[in-house]
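As structure tokens, the structure follows; a few thoughts come after it.
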Amino acid sequence: MERFQHMKSITSTISTKRLVYRCGLAVTTLVLAVACGAVDDTLPGATSTEGSDDGTTDSTLETTILERNEEVFVSVAEIGRASTDVVVGMVSHTGSIGTPDVAEDPHASEFIAVTVDVEEALKGQPDKQVVFAWEAYLTDGGGKRTMEILAEGLPIPKVGDRLLLFLVPEDKERVELFGAELTHRPITLDGLAYIDGSTVELVADKFEGDLGDSLLGLALPAIRAEVSR
């Protein structure tokens with residue numbers, strides 16, 4: 001798909017800021033290079049209209065790469081065993097849930113809540129919808145977005161995207177922190193992949209021997225078989 005090809009092109013460039021992923025929150029660690037032209041996007045309200053994005057997920061903001069500092073799974077079967085729910089579904093709407101750590105960091109990341117309508121549960125018995133928080137934008141400390149975050153090369157989920165999700169229940173503390181009705185979170189950044197048709201088309205930037213090597217290009221029937229092992 002054109003969207004995936006565009007994102008692959010962007011993530012092949014060097015980023016001017018790199019971040020480390022820790023428990024779903026990010027801290028700046030290095031300054032390197034950036035891609036794309038800039039735009040000032042004002043933070044929207046805490047919710048969005050059902051069936052729509054928050055209005056800026058296809059903006060022309062500069063992009064920055066979020067690096068992970070987390071457990072790395074090496075196979076679909078392994079990440080499947082560690083997940084409580086594995087689902088295939090389509091994003092039905094997104095909405096800003098603010099910058100929860102702004103008191104500690106005036107340039108805190110803005111998160112969005114992503115609602116996914118479940119098409120198929122490969123593991124577990126989730127409700128018809130799952131909702132998770134996604135770290136989406138850097139802010140300038142004055143309520144404006146300055147950069148779009150690519151989590152290990154993954155674009156921000158938008159309405160109409162079809163996802164494969166390896167999930168665990170969201171922590172109660174994080175639900176209270178965000179003040180949103182979050183149900184789950186991807187077990188790691190590897191726990192979210194984009195699907196085109198019935199095949200995994202885009203995964204987190206992969207490292208030799210990790211899950212991305214075995215997941216990219218894999219069809220859903222094969223994933224189903226691996227998860228049930």
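The values are calculated or read from the model by the stated rules, or taken from the named source; none is laboratory data. Because the structure is predicted, anything quoted here is derived from the model rather than measured. Cβ coordinates were reconstructed from backbone atoms using ideal geometry, including for glycine residues, and neighbour counts include every protein chain displayed.
One table, with the values for the structure above:
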item	result
Close pairs from the stretch 127-146: first of a type in the set (Phe, Trp, Tyr), partner in a strand (DSSP E or B) and at pLDDT below 90, Cβ under 9 Å, at least 6 apart	Trp134/Ala151; Tyr137/Asp41; Tyr137/Ser109
Complete set of residues in the stretch 184-212 that are of a type in the set (Val, Ile, Thr) and buried (at least 18 other Cβ atoms within 10 Å of the Cβ)	Ile187, Thr188, Ile195, Val200, Val203
Which listed residue is in a loop (DSSP other than H, G, I, E, B) and either farther than 18 Å from Val76 by Cβ or modelled with pLDDT under 90 (or both), from Asp213, Asp205, Asp190	Asp205
Residue match in the stretch 93-116 (condition: part of a strand (DSSP E or B), surrounded by fewer than 19 Cβ atoms within 10 Å (Cβ to Cβ) and at pLDDT 95 or above)	no
Residue that is surrounded by the fewest Cβ atoms within 10 Å (Cβ to Cβ), among those in the stretch 213-224 that are among the small types (Gly, Ala, Ser) and touching a helix residue (DSSP H, G or I) at 6+ places or on another chain (Cβ under 9 Å)	Ala222
Yes/no for Asp127 being assigned to a strand (DSSP E or B) and either surrounded by fewer than 19 Cβ atoms within 10 Å (Cβ to Cβ) or aliphatic (A, V, I, L, M) (or both)	no
Any hit, the stretch 151-167, residues being over 12 Å from the mean Cα position of the chain (by Cα) and free of Cβ contacts under 8 Å to residues at least 60 places away in the same chain	no
Some residue of the stretch 148-163 being assigned to a helix (DSSP H, G or I) and either small (Gly, Ala, Ser) or surrounded by fewer than 21 Cβ atoms within 10 Å (Cβ to Cβ) (or both)	no
Residue under evaluation Leu167, criteria (1) in a loop (DSSP other than H, G, I, E, B); (2) in contact with a strand residue (DSSP E or B) (Cβ under 8 Å, 6 or more places away or on another chain), criterion not met	(1)
Test for Gly142: is it within 18 Å of Pro100 (Cβ to Cβ) and part of a loop (DSSP other than H, G, I, E, B)	yes
Sole exception among (1) crowded, with 16+ Cβ neighbours inside 10 Å; (2) modelled with pLDDT of 95 or more for Leu177, by number	(2)
